[in-house]
Amino acid sequence: MAKRSFPLSKVYGLLEPGPVVLLATEQRNRANVMTMSWHTMMEFEPPLIGCVVSGRNFSFETLAATRQCTLNIPTVELCAQVVGCGNCSGRSVDKFRAFGLTPLPAQRVAAPLIAQCFANLECRVSDMRLVKRYNFFVLEVQKAWVDPTFYKNPRTLHHRGRGAFMVAGETFRSPSKMR
Ligand SMILES: Cc1cc2nc3c(=O)[nH]c(=O)nc-3n(C[C@H](O)[C@H](O)[C@H](O)COP(=O)(O)O)c2cc1C
């Protein structure tokens, strides 16, 4: 089938890996959460995750100042909250209250876990060298939690850009290492 030229402004929607996550921070007893899909794995163990947080976001300020956050992985049931947290700012909205999200204390960082998400990662910023240039933070996961009932086949959200999402499908096995 003939392919057509594709706008550069939409390329991110082809590659964006997902799953969409909720990045939670806390400063001066004020918790905040933002939606994030621009992240990438960088190392197995300790797990390193690179992510782009725009300098316009309130979360940028709190993440840069506290150097701690949690990444919370929602399933499709939380889609309305995911979109909501990505379209308003913690500067003026208490998003936990506005979107009915339940904060739980984390074990290793001073930022809340989100109870409704099936997995939660407690992270510390381990490298800020690319922040000035790309708003790219490197996070090291200190502690991870999963709900085993969702873990086997989580119906995570994957952002395709401009209001379009894909839901993860079935899990199947195929050797990823050929010997
Ligand atoms: C599906 C989706 C994905 C998003 N991904 C990112 C992202 O990767 N990085 C980012 O800086 N903002 C991203 N945003 C935008 C922020 O979530 C948004 O600007 C939010 O209002 C910031 O909140 P804050 O000011 O409370 O930090 C995304 C929004 C949506 C809806």
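How much length, in nm to one decimal, is gained on full extension between residue 42 and residue 54, taken as 0.36 nm per residue of separation minus their Cα-Cα distance?
So the chain would gain 2.4 nm between residue 42 and residue 54.
Of the peptides 25-35, 68-78, the ranking by mean beta-carbon count within 10 Å, highest at the top, reads 68-78, 25-35. With contacts taken as Cα pairs under 8 Å and at least 6 residues apart, the range 1-97 reaches a relative contact order of 31 percent. The calculated FRET efficiency for residue 3 paired with residue 155, based on their beta-carbon distance and R0 = 25 Å, is about 0.25. Cα-based values for the range 40-175, radius of gyration first and Dmax second, are 15.3, 49 Å.
Take 106-115, 152-161, 2-11 and order them by the average number of nearby Cβ atoms within 10 Å per residue, most first; the result is 106-115, 152-161, 2-11. Per residue, the range 21-85 exposes an accessible area of 46 Å² to a 1.4 Å probe, with every protein chain left in place.
Peptide packing for 166-177, 126-137 was compared via the average number of neighbouring C-beta atoms within 10 Å per residue; ordered from the highest value, the list is 126-137, 166-177. By the rule of a C-alpha distance below 23 Å, with chain neighbours fewer than 8 residues away ignored, no lysines are paired with residue 3.
In plain terms, the chain from residue 177 to residue 145 could stretch by 8.8 nm, reckoned as 0.36 nm per residue minus the Cα-Cα distance. Look at the dipole of the chain built from charges on Cβ: of 123, 166, 11, the Cα furthest out on the positive end belongs to 11. Considering only alpha-carbon pairs that sit under 8 angstrom and 6 or more positions apart, the relative contact order computed for the chain is 24 percent.
Applying 0.36 nm per residue to the separation of residue 15 and residue 162 and subtracting their alpha-carbon distance, the gain on full extension is 51.5 nm. Ignoring ligands, DNA and RNA, what percent of the accessible area of the range 43-90 is carbon or sulfur (1.4 Å)? Of the solvent-accessible surface of the range 43-90, carbon and sulfur hold 56 percent. Highest GNM mean-square fluctuation among 53, 20, 93, for the chain modelled with Cα contacts below 10 Å: 93. Between rounded, prolate and oblate, where does the range 1-116 land on the alpha carbon gyration tensor, with a ≥ b ≥ c its root eigenvalues, rounded for a/c under 1.5, else prolate if a/b exceeds b/c? Since a/c reaches 1.5 and a/b is larger than b/c, the shape of the range 1-116 is classed as prolate.
The values are calculated or read from the model by the stated rules, or taken from the named source; none is laboratory data. As the structure is a prediction and not an experimental result, all values here were calculated from the model. Cβ atoms come from the backbone with ideal geometry, glycine included; neighbour counts cover every protein chain shown. Just so you know, the surface numbers come from the protein's heavy atoms only, side chains and all, with ligands and any DNA or RNA stripped out. Shrake-Rupley method; radii C 1.70, N 1.55, O 1.52, S 1.80 Å.
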